[in-house]
1. List for region A:158-182: residues with 30 Å² or greater reduction in accessible area, all protein chains versus chain alone, probe 1.4 Å?
2. For B:Arg325, go 7 angstrom from Cα along the Cα-to-Cβ vector, then report the distances to that same point in the other copies in nm, smallest first.
3. In whole Å, what is the distance between the alpha-carbon centres of region B:273-339 and region B:68-109?
4. Please label the shape of region B:30-148 as rounded, prolate or oblate, based on the square roots a ≥ b ≥ c of the eigenvalues of the alpha-carbon gyration tensor (a/c under 1.5 means rounded; beyond that, a/b larger than b/c means prolate, else oblate).
5. At a probe radius of 1.4 Å, figure out the B/A buried accessible area, summed over both chains, and give it in Å² to the nearest 100.
6. Dipole of region B:1-146, Cα-centred, from +1 at each Lys and Arg C-beta and -1 at each Asp and Glu C-beta, to the nearest 20 debye?
7. For the pair A:Ser288/B:Lys145, report the inter-label distance in nm, with labels modelled 7 Å from Cα in the Cβ direction.
8. How large a share of the accessible area of region B:71-216, in percent, is made up of carbon and sulfur atoms when the probe is 1.4 Å and the other protein chains stay in place?
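The values are calculated or read from the model by the stated rules, or taken from the named source; none is laboratory data. What you see is a predicted model, and the numbers here were worked out from it, not measured in a lab. No Cβ is skipped: glycine too gets one built from the backbone with ideal geometry, and neighbour counts run over all protein chains shown. The protein model used for the area step is the full one, side chains on, heavy atoms only, and it has no ligands, DNA or RNA in it. Shrake-Rupley method; radii C 1.70, N 1.55, O 1.52, S 1.80 Å.
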Protein chains: 2
Amino acid sequence: MTAEISNGVSNIKIEENDNDDVVDPWNVVSKSETGVDYDKLIKRFGSSKVDQELLDRFEKVTGKPNHHLLRRGIFFSHRDMNSILNQYEAGKPFYLYTGRGPSSSSMHLGHLIPFIFCKWLQDVFDVPLVIQLTDDEKCLWRDIKLEEANKMAYENAKDIIAVGFDINKTFIFSNLDYIGQCPEFYRNMVRIQKCVTFNQVKGIFGFGDSDVIGKISFPSIQATPAVSTSFPFIFGGKKLPCLIPCAIDQDPYFRMTRDVAPRIGFQKPALLHSTFFPALQGAKTKMSASDPNSTIFLTDTPKQLKNKINKHAFSGGRATVEEHREFGGNCDVDISYQYLTFFLEDDEKLEQIRKDYTSGAILTGELKKILIDVLTPLVQQHQERRSKITDEILKQYMTPRKLNFSF
Amino acid sequence: MTAEISNGVSNIKIEENDNDDVVDPWNVVSKSETGVDYDKLIKRFGSSKVDQELLDRFEKVTGKPNHHLLRRGIFFSHRDMNSILNQYEAGKPFYLYTGRGPSSSSMHLGHLIPFIFCKWLQDVFDVPLVIQLTDDEKCLWRDIKLEEANKMAYENAKDIIAVGFDINKTFIFSNLDYIGQCPEFYRNMVRIQKCVTFNQVKGIFGFGDSDVIGKISFPSIQATPAVSTSFPFIFGGKKLPCLIPCAIDQDPYFRMTRDVAPRIGFQKPALLHSTFFPALQGAKTKMSASDPNSTIFLTDTPKQLKNKINKHAFSGGRATVEEHREFGGNCDVDISYQYLTFFLEDDEKLEQIRKDYTSGAILTGELKKILIDVLTPLVQQHQERRSKITDEILKQYMTPRKLNFSF
């Protein structure tokens, strides 16, 4: 981590070497078939590993078994998680903040991960959650109209609500709607914009002179929800610690936020970082809505889902059945197995599958069938829950309001 | 005017030579004792002179004598004023937009000029007026807290209201309050921010890499009120032409706005530019609240006002009474005479003073007394009107609401 000094402010710029994996909010490209080297990334980003000690403490503090996304190292990295656990142990409140950039009207499997985990955190800690939909960002980066991005935000919000968030504990907002409804939010944006120079966003995000000024100031908008006074109707103007669960490609925004927060009188937000949900074709890139063949959408039919997995899911199996039986498959690169680590909750079953595939006892086709049998009901149940999210329910989640907490 | 092309967008950057007067939103420094060379500025900025033909047309269209600030060439330059007059002649609506950067809790004489003129325009055309108080800008440029800048905005608003604006036709807003009350305003900000690159604001405003991102995106906020849909409660979402009366140092903001407006589906705003109100010490700079000796505040007592003029007002008189009687004074550099051109409405009287001072018939002390006799009641009456502006009245002007127009 390079701490450059400019205007008396550390630059929180991360050096990237030619042989490093590319990980930023717009690109994830690994050099390896097994995907991003996350241990190396922790060192490069200067975050901390979610180690056994932290996992043990999590269980001790919450009194609940850890979520499989946590115990399997999918949420693998953190910043200041111990201070959040201290806060909780001391009986003091904190809140969760996560977000989503609405990129298409249909979300995919990978998009569910931070939300599934957030729901678990919300349940075990009993804390409020704010979810930012960055429809403004999408207009600035893509050639789409505000109305279109705003509509995508609503569509995505229905998928998010379908994950099961408690309506009494959750506020979902679109920037294009909410910033114009809350003077405190805009005021915090200005406070943050006053602390960050062009040099810094150039260093952190790679912005250049030909970028539009909306892009250049956007990072302040993603930072603002980490400041609790941006939600006066929820927190009554109190300063509360914030925990942000997100995929690690969002870390640059929050490195910046952590740099600024103490300078405007707030605690640095804590973070829990997840790995990426790999593309069907392999772990070199993450699943992306812009490539339908690499992606299982939450709107896919059972048939589409089955076909995509059978046709596109990268296999760690051998070239022939004979070879596979003799030498076994490679779970480290097999996408079906990787997806099971995200979605199959039963640890014993997963371990058995790993052993059987590695030994060659089960073939790629069989492994794919197991995955299809796990994902099909999961996606169908999601679709069912989502179909029940009316515009009225959506509006309730997205209305600035008091939540069921007193601070 | 240099029209650079960057990202397919004209750069609207103005070249400045070493011997040019410095005129930008932050600095006004003339090379000459007679002040800025405004004819040269018109050429450099590419605006149009308010010539006799336009003055005649103004009177013909409004059916009223022109305001002295107009007929004396204080509002000396314009962009597209004829299209506004066409609009009015055709019986079609337009609106006025002006603004103020609240820099201290007391306004000075020079600050009154655009407002006095705006009130006249509002009266003769019977149009709505929106007034932006850029308290956010002040926080970004100066080392003051948001609360302080916001308070200054309210104090300044009381002075503005005291000019006599019709409460049924005028909306005054602080950015720190209003942007968080109107999603349409924020949406237009984003639309504008999408059209302007860092290269462009670098060229237009001289921003650099070490400037904070709040400054870099600020021009979009000053541009937004020129887009009528930013005030849905007034204009009901209609697209209306906008006329911006302002001092010419604000032109860079509106050159940028005129570049962007057609690209987001709006007409370019028209402009009426005023000269600067000179400092007491002379016309090389404009009156500035940051130098009390150069400034007559609207809060000054009659005694302070008298002393400041007698002590500091730069004289165009001769070194001795004898010389003055023989050769006469120079009205072109005499500050007392200059101030009379702004505030003495009677043309004949002003012309007589000019002749008498130029011939040496009246001395500097006598000229200063005339000015004191004009300004003292003016400032006192302002103070009286201002003292009647209660917080309740202030709140009414600053509440987003329907004005007394239907569109």
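1. The answer is A:Leu176, A:Ile179, A:Gly180 - residues whose exposure falls by at least 30 Å² when every protein chain is included.
2. 13.0
3. Between the Cα centres of region B:273-339 and region B:68-109 lies a distance of 26 Å.
4. Taking the square roots of the gyration eigenvalues as a ≥ b ≥ c, region B:30-148 is oblate.
5. Summed over both sides, the interface buries about 3500 Å².
6. I would put it at about 420 debye.
7. In this crude label model, A:Ser288 to B:Lys145 measures out at 4.7 nm.
8. Result for region B:71-216: 44 percent of the exposed heavy-atom area is carbon or sulfur.
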